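Notes follow once the structure below has been shown.
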Amino acid sequence: MTTRIPEIISFIRKVYGQKELIPLHEPRFLGQEKKYLVDCIDSTFVSSVGEYVDRFERMIESYTQSSHAIAVVNGTCALQVALELAGVKRGDEVLTQALTFVASANAIHYCGADPIFLDSDEDTLGMCPKSLENFLEENAFVDDHGVCRNRHSQKRITACLPIHILGHPLKIDQVSEVCQRFQICVVEDAAEALGSLYQGKHAGTFGHLGVYSFNGNKTVTCGGGGVIVTNDKQLAKKGKHLTTTAKVAHPWEYNHDEIGYNYRLPNLNAALACAQMENLDRFIENKRELTLIYQEFFAKIGIHFFQEPLGCRSNYWLQAILLENRKERDLFLRELNQAKIICRPIWKLIPELSVYQNKQSSDLTQAKKISDCLINIPSSVRI
Ligand SMILES: Cc1ncc(COP(=O)(O)O)c(C=O)c1O
């Protein structure tokens, strides 16, 4: 691989033109962004009230074929609220993956619950359904009230938070089937996977609730933002209420019937989001063309390029290669970053972070292997 590095550098430079610094992922503003932002400013409704928020929510519903969408300030808040809506309470436990961005685990912690870390699936990079099933069969039972409990801690295992990694759909039907058997609610972290399809259906719409992120590094962005989707009308109503300070509707009175959050997405961000959504399909097409270019190149030089799982249509948010081991990975990262081609490793396993060290985990062999070998390479939409 070492001898290939100059060739890889010059190939990526050719793919992205001769810019000095090639970022990992830059946003693109090619449509109505400025127009909608100026319109939003002119209207004076830049903050928590305004038409763009509603328009954005309706766009997400129609795009993902979900009955309800709730726009909030970021994907992390969206996860926290979605978990609360799924019934997660202080002292509960939530199943998730060891290999994910820290926000997934943090959202569980914000609910006062403990994460349980499961292994990854090498086909998808997401939660391994077998790891989930084995964990539950060995460590959990459903009590007389239909509540799933951890045999060791006796705590409730209320929810499962599987993550669609880098835009690639995980085996969500299998994960959902196991969770249903154990009476566990599924909240999909599809922060990275807007527009990705699993067997023709949008990632994020299989679980009781799903979450998307619109952070600046995502396929489309509104600066910062998140959306919760669900087909459950009651949950949607509760979610909207909770994220808008639990204010009871009234022309002038300030009455709040529970302790809610000020998580509503500002209209200004929603204006940007609406413009970006209009280009989402075009961006995904562009990324998928880039995939073909990378795929052919890396196949020729014998480097494993990660491709969408079978039966899926990935948005290819971040393109990825897998090297032989951590030593090769680090060498590649050093050389490419030095050449101003921004590449990044995938995350450390969450239970390796000191703050999550003592949590229960399954065997994490696959997750460790992916964490040691995977590198994200420049993935922006090419213009
Ligand atoms: C897997 C995953 N979950 C959650 C988040 C949190 O989203 P946000 O940055 O919008 O809070 C991100 C990324 O940003 C993510 O990649």
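When the chain is modelled as a GNM with alpha-carbon springs shorter than 10 Å, which of F332, F306, F297 fluctuates the most?
The residue with the greatest mean-square fluctuation here is F297.
Which length gain, in nm to one decimal place, applies between D123 and R4 when the Cα-Cα distance is subtracted from 0.36 nm times their residue separation? Mind dumping the intermediate values first?
Values: separation 119, 0.36 × 119 = 42.84 nm, distance 2.58 nm.
The D123-R4 span can extend by a further 40.3 nm.
So, how do all the Cα-to-Cα distances of the chain break down into 10 Å bins, in percent, from 0 on up?
5, 23, 31, 25, 12, 3, 0, 0
Work through the residues other than V53 whose Cβ is under 11 Å from its Cβ and net out their charges, Lys, Arg +1 and Asp, Glu -1. Don't skip to the answer; put the middle values down first.
Values: positive: R55, R58, K240, R264; negative: E51, D54, E57.
Charge balance near V53 sits at +1.
If you place +1 on the Cβ of every Lys and Arg and -1 on the Cβ of every Asp and Glu, how big does the dipole about the Cα centre of segment 169-234 come out, in debye to the nearest 20?
Numbers: 5 positive and 6 negative charges, 15 e Å.
Approximately 80 debye in magnitude.
Go through segment 273-279 residue by residue and turn each phi into a ³J(HN,Hα) via Karplus (6.51, -1.76, 1.60, θ = phi - 60°); whole Hz please, and just put x for glycine and proline.
4, 4, 5, 5, 4, 5, 10
What FRET efficiency do you get for E177 and D257 if R0 is 30 Å and r is their Cβ-Cβ distance, rounded to the nearest 0.05?
Values: r = 37 Å, r/R0 = 1.23.
E between E177 and D257, to the nearest 0.05, is 0.20.
When Lys and Arg each count +1 and Asp and Glu each count -1, what net charge do the other residues less than 15 Å away from K238, Cβ to Cβ, add up to?
Result for the local shell: +2.
Quickly estimate the mean residue ellipticity at 222 nm for the chain, helices only: each DSSP H run with n ≥ 4 gives -39500 (n - 2.57), and the total goes over all residues, rounded to 500.
Working: 12 runs with 143 residues, N = 383.
Here the helix-only value at 222 nm equals -11500 deg cm²/dmol.
Between R90 and L280, what's the calculated FRET efficiency when r is the beta-carbon distance and R0 is 25 Å? Round to 0.05. Intermediate results must be reported in sequence, preceding the final value.
Details: r = 37 Å, r/R0 = 1.49.
The computed FRET efficiency comes out at 0.10.
log₁₀ I(q)/I(0) of segment 163-241 at q = 0.15, 0.23 Å⁻¹, via Debye over equal Cα point scatterers, no solvent, to two decimals?
-0.53, -1.08
Given R₀ = 30 Å, what would the calculated FRET efficiency be for F29 paired with Q338, taking r from the Cβ atoms and rounding to 0.05?
Values: r = 30 Å, r/R0 = 0.99.
Between F29 and Q338 the formula returns 0.50.
Could you name the aspartates and glutamates in cross-link range of K368, using Cα to Cα under 19 Å and dropping any fewer than eight places away on the same chain?
D119, D121, E122, D123, E324, E328, D330, E352
If you take every residue apart from A98 with its C-beta less than 9 Å away from the C-beta of A98, what net charge results, scoring Lys and Arg +1 and Asp and Glu -1?
Working: positive: K368; negative: D119, E352.
Spelling it out: positives minus negatives among the neighbours equals -1.
Mean-square fluctuation check for the chain, GNM, Cα pairs under 10 Å: which of E177, E296, E328 is largest?
Result for the chain, Cα springs under 10 Å: E296 fluctuates most.
Over the chain, what relative contact order in percent results from Cα pairs under 8 Å that are six or more residues apart? Don't skip to the answer; put the middle values down first.
Values: 852 pairs, mean separation 95.3, N = 383.
Over the chain, the number comes to 25 percent.
Considering only V46, V81, I108, whose Cα is most displaced toward the positive end of the charge dipole of segment 33-277, charges sitting on Cβ of Lys, Arg (+1) and Asp, Glu (-1)?
The Cα lying farthest towards the positive end belongs to V46.
The numbers here are math on the coordinates, done by the rules we state, and not lab data. Everything numeric in this text was worked out from a predicted model, so none of it was measured. Virtual Cβ from ideal backbone geometry, glycine too; neighbours counted across all protein chains shown.
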